[in-house]
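The values are calculated or read from the model by the stated rules, or taken from the named source; none is laboratory data. No experiment lies behind these values; they were computed from the predicted model shown. For neighbour counting, all protein chains shown are included, and Cβ atoms are generated from backbone atoms with ideal geometry for every residue, glycine included.
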Amino acid sequence: MAPIFHGTIQVRDHHLENFSDSMHHQTITPLVTIILAAGKGTRMNTSLPKVLHNLGGRSLLDHVLETAVSLGTGKVIVVAGHGAEAVRKIISKKNGDLEVVIQEPQLGTGHAVSQCLDMLSGFHGTVVVLSGDVPGLQSETVRNLARVRIDNQASISVLTGRLEDPSGYGRIIRQPDGAIQEIREQKDLSEEQGNIKEVNLGVYAFDASFLSRELPKIGSENAQGEYYLTDLIKVAAGSGSGVVSHSAADHTEALGINTLEELSGVGKMTNRRYLEKLMSSGVQILDPDQTWIEDTVTVEPDTTIHPMVFLRGATKIGAGSVINPGSVITDSNLGARVEIRPYCVITDSSIADDAAVGPFAHLRPGTDIGPWARIGNYVEIKKSVIGEGSKVSHLTYVGDAELGQDVNIGAGCVTCNYDGFSKFKTVIEDGVFVGSGTMMVAPITLGKGSLVAAGSTLTKDVPPDALAVARGQQSNKEGWAAARREKITKKSKKEKS
Ligand code: UD1
Ligand code: MG
């Protein structure tokens, strides 16, 4: 693998545009970031490798990658092992100078970083190490951590925090004068040290030369028999250059995830933070404890969101809309003053201004609802365009169809779009009225202004302005039902007597 050059490496990424303080960021270069993501996550007790677990719509690793890339400086190396193929896939979708290094077997955090030493040969600057299981970390915190190391000319700066419940974390052991002496893992603590509430949040900035020189020397004589990256703290503490700590302004951003319970806790916190941001921007959220909005979703002011709503992915919601209880909206674009009535599932669709959908509607991928259109209860729509002001109000399936303006589809209609092999298109032009219970066998076109009698099964195109009737003739047999009733009554009387 190519060694890293001494100098600033440009990263092509949109986050660069967001830099408020470019001078500040200049001063932490040259910088290389390593993300540790090879572990299995034994304490999760799941088959999925830990860093691939989902938090707010993307993997834990995705969150950390965003932080690393938004530092806007230098190479990012991801150490992968368990789930390496999935890790590669995630990385291939990101912009930036990203590289994957495989750690096999996984012998601890120190061993993980040592897999990157070849790539660091000849590099003199700062090496930031992030954990793939700390998804909330903000790039500003990392930048400050690197700054603190450089300003103090220290070998290491480490991010620390005070936790009410520090169990599971490595503890910061300080000398009487306050200087950091070492970091001890939970399993290697004495009873007394167990009371220390200052923890290692697992985020570091190293002097690259110190790292390259000292990391190969650490051993694995500890309770877990692993090579601990944290052993470097006492090495630096013992040498002249030393260790400095930096505490995050809000340490909750640096909470690590080791169990599903912690994942749930951090997930709730992350969600809450985004909801608060939306509320302060003028979005009314009735019950933030029961509303889930991924931070990739945008919502305009004056929109109201009821409980048990999930908004996901690249969803956008315009101003003055109302999303009623129980709806799940994914990757969809809603205009202004849209009303989503209770319990709708909407995926990869768009809904124009002033339209109303639901209750109990299912909009599947490729649905495009026009302005002022009305989609009612128990209606499923797939890959179809519904024109302005059109109504599909009850118990209907519309698939692979194109509806013009002011079309009215009655209750219980079906576009029969599939013959078991191929999908066919239904075109319903402006102003068509389709009576209830109509089957439209595609491919088919219903011409502008035409009318279809209820209960029809259409297999041929309907010309514009025509009436189509396509149903069996009805024959009535006078008195037949009454005669049958009489016959049955007589028979049952006989049996009883
Ligand atoms: C680590 C720290 C601990 C700190 C905590 C903060 C060590 C020895 N301990 O403990 O002091 O309080 O983080 O969250 O560093 N990984 C690899 N390869 C390995 C082992 C781990 O890539 O061989 C990766 C994991 O995938 C994970 C990260 O390193 O993303 C941290 O590993 P984890 O096992 O969670 O360490 P902790 O026990 O949390
Ligand atoms: Mg951890």
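In table form, for the structure just shown:
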read-out: Positions within region 218-240 being in a helix (DSSP H, G or I) and either under 35 Å from the mean Cα position of the chain (by Cα) or surrounded by 15 or more Cβ atoms within 10 Å (Cβ to Cβ) (or both), in sequence order; value: 231, 232, 233, 234, 235, 236, 237
read-out: Qualifying residue in region 79-87 (condition: within 22 Å of residue 233 (Cα to Cα) and under 25 Å from the mean Cα position of the chain (by Cα)); value: yes
read-out: Region 123-152 residues that are within 13 Å of residue 36 (Cα to Cα) and within 16 Å of ligand 2 (Cβ to nearest atom), paired with ones that are polar (S, T, N, Q) and outside any helix (DSSP H, G or I) (beta carbon under 9 Å, 6 or more apart); value: 129/33; 130/33; 132/59; 133/258; 135/59
read-out: Of all residues making up region 153-184, the number that are charged (D, E, K, R), within 16 Å of ligand 2 (Cβ to nearest atom) and at pLDDT below 95; value: 1
read-out: Hits in region 258-280 - residues which are surrounded by 14 or more Cβ atoms within 10 Å (Cβ to Cβ), within 26 Å of residue 320 (Cα to Cα) and in contact with an Asp or Glu (Cβ under 9 Å, 6 or more places away or on another chain); value: 270, 271, 273, 274
read-out: Residue within region 250-266 that is of a type in the set (A, V, I, L, M, F, W, C), more than 25 Å from residue 119 (Cβ to Cβ), within 16 Å of ligand 2 (Cβ to nearest atom) and assigned to a loop (DSSP other than H, G, I, E, B) present; value: yes
read-out: Scan of region 130-168 for residues that are among the polar types (S, T, N, Q) and either in a strand (DSSP E or B) or farther than 18 Å from residue 258 by Cα (or both), ordered by number; value: 131, 138, 139, 141, 144, 152, 153, 155, 157, 160
read-out: Single residue of region 129-152 satisfying the filter (within 16 Å of ligand 1 (Cβ to nearest atom) and small (Gly, Ala, Ser)) that is modelled with the lowest pLDDT; value: 136
read-out: Conditions (1) over 17 Å from residue 246 (Cβ atoms); (2) within 16 Å of ligand 2 (Cβ to nearest atom): number failed by residue 199; value: (1)
read-out: Hits in region 236-270 (condition: charged (D, E, K, R) and within 15 Å of ligand 1 (Cβ to nearest atom)); value: 253, 261, 262
read-out: Wholly within region 373-486, strands (runs of 3 or more DSSP E) carrying at least 1 residues that are free of Cβ contacts under 8 Å to residues at least 24 places away in the same chain and surrounded by 17 or more Cβ atoms within 10 Å (Cβ to Cβ); value: 374-377, 380-382, 391-394, 397-399, 444-446
read-out: Subset of region 153-195 [free of Cβ contacts under 8 Å to residues at least 24 places away in the same chain and of a type in the set (Asp, Glu)]; value: 165, 177, 191, 192
read-out: Only one of 203, 243 that is modelled with pLDDT of 95 or more, surrounded by 22 or more Cβ atoms within 10 Å (Cβ to Cβ) and within 24 Å of residue 135 (Cβ to Cβ); value: 203
read-out: Entirely in region 69-128, the helices (runs of 4 or more DSSP H) that have 2 or more residues that are within 10 Å of ligand 1 (Cβ to nearest atom) and at pLDDT 95 or above; value: 109-114
read-out: Boolean, residue 114 is farther than 20 Å from residue 159 by Cα, away from ligand 2 (no atom under 16 Å from the Cβ) and surrounded by fewer than 18 Cβ atoms within 10 Å (Cβ to Cβ); value: no
read-out: Residue in region 182-193 that is in a helix (DSSP H, G or I), over 28 Å from residue 140 (Cα atoms) and touching a strand residue (DSSP E or B) at 6+ places or on another chain (Cβ under 7 Å) present; value: yes
read-out: Total residues in region 69-95, condition over 21 Å from residue 121 (Cα atoms) and surrounded by 18 or more Cβ atoms within 10 Å (Cβ to Cβ); value: 11
read-out: Cβ-Cβ under 8 Å pairs, at least 6 apart or on other chains, region 42-61 side under 14 Å from residue 134 (Cα atoms) and hydroxyl-bearing (Ser, Thr, Tyr), far side within 15 Å of ligand 2 (Cβ to nearest atom) and part of a loop (DSSP other than H, G, I, E, B); value: 59/53
